[in-house]
Amino acid sequence: DYHRATILRPSWPRDPKAAAELNETLDAWDQLPVEKLPVAEVKKYLAGYSQTFRALDAAARAERCDWELAQKISVNNLDLFLPEVQTYRELARFQRFRVRVDLVENDFDAAVRDIRTGIRMGKDVGEGATLIQSLVGIAVVAIFLNEVEQLIRRPNSPNLYWALTTLPRPLLDARSALEGEGRIFDNLFPNARALEKGPVSADRATAMLEEMLTAFNSMGAAAPGAPEGATVRQLSLVT
């Protein structure tokens, strides 16, 4: 359902000028206080996201979320998953507009429902198989906890004390993300565990370090401060 929500998003304008103008409009709405939000314009724009929101609501009401990535993540395909993770930041942006429309209209039941969807999305994303998913999830949850504050400030808003006290503590479990990072490390440096068995020869250590640098370069990240084409022995002289 989360994946379906991302697929059902309206297409972003292909024309660069139109895309820039839309982004400026959305940024402007982001900065406005709730009371000054142009509700009619925002509702008209969000109408195009009706199917997206329907799928998002369904995802947030599921009993559990399993991204099924734990055994699939490796250094060879990690870059394929990162763009997908970032789409949930975009979904959070439009879900936040949805909440703000609810607040302007003092529809507290809808506001609570939509905040709950946003928090659940952040929790599910944050309990994925990579540290990046965890960080994105934390950011998404923070967005909607801020909207809780906005709701509480509204006149005649409901008391959310007991609802908030029943949230899990910690709200996000980082275990799966940390375990996933461990698997990525083992995949990236398969020979590193040999160092746990005791000292190795200088030649063996040099060969292992060269393997690590090669692995880093294969991910598009050269060793920090390393000149292009530098060898391990040259680096050792520099350090």
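The values are calculated or read from the model by the stated rules, or taken from the named source; none is laboratory data. Since this is a predicted model, take the numbers as computed values, not measurements. Using ideal geometry, Cβ is built from the backbone for each residue, glycine included, and neighbour counts are taken over all protein chains shown. The accessibility values were calculated without ligands, DNA or RNA, using every heavy atom of the protein model including side chains. Shrake-Rupley method; radii C 1.70, N 1.55, O 1.52, S 1.80 Å.
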Restricting to the range 1-17, and then to whatever is without any contact (Cβ under 8 Å) to a residue 60 or more places away in the chain and assigned to a loop (DSSP other than H, G, I, E, B), can you tell me which residue is surrounded by the most Cβ atoms within 10 Å (Cβ to Cβ)? L8
Please identify the pairs in which a residue from the range 42-70 that is more than 14 Å from R113 (Cβ to Cβ) and open to solvent by 60 Å² or more (accessible area, probe 1.4 Å) has its Cβ atom under 9 Å from the Cβ atom of a residue that is among the acidic types (D, E) and assigned to a helix (DSSP H, G or I), counting only partners at least 6 apart or on another chain. R64/D124
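Would you say F144 is open to solvent by less than 30 Å² (accessible area, probe 1.4 Å), among the aromatic types (F, W, Y) and under 25 Å from the mean Cα position of the chain (by Cα)?
yes
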So which residues in the range 196-239 are hydroxyl-bearing (S, T, Y), modelled with pLDDT under 70 and under 37 Å from the mean Cα position of the chain (by Cα), if there are any at all? S218, T231, T239
Condition first: within 27 Å of E105 (Cβ to Cβ) and part of a loop (DSSP other than H, G, I, E, B). Now tell me which residues in the range 18-74 satisfy that. L32, P33, L37, P38, R61
Which residues, counting only those in the range 153-208, are assigned to a loop (DSSP other than H, G, I, E, B) and either open to solvent by less than 40 Å² (accessible area, probe 1.4 Å) or in contact with a helix residue (DSSP H, G or I) (Cβ under 6 Å, 6 or more places away or on another chain) (or both)? R154, S157, P158, L160, L171, L172, A174, F189, N191, G198
Scan the range 79-129 for residues that are touching a Leu at 6+ places or on another chain (Cβ under 8 Å), open to solvent by 10 Å² or more (accessible area, probe 1.4 Å) and not hydrophobic (A, V, I, L, M, F, W, C) and jot them down. R93, R98, R100, K123, E127
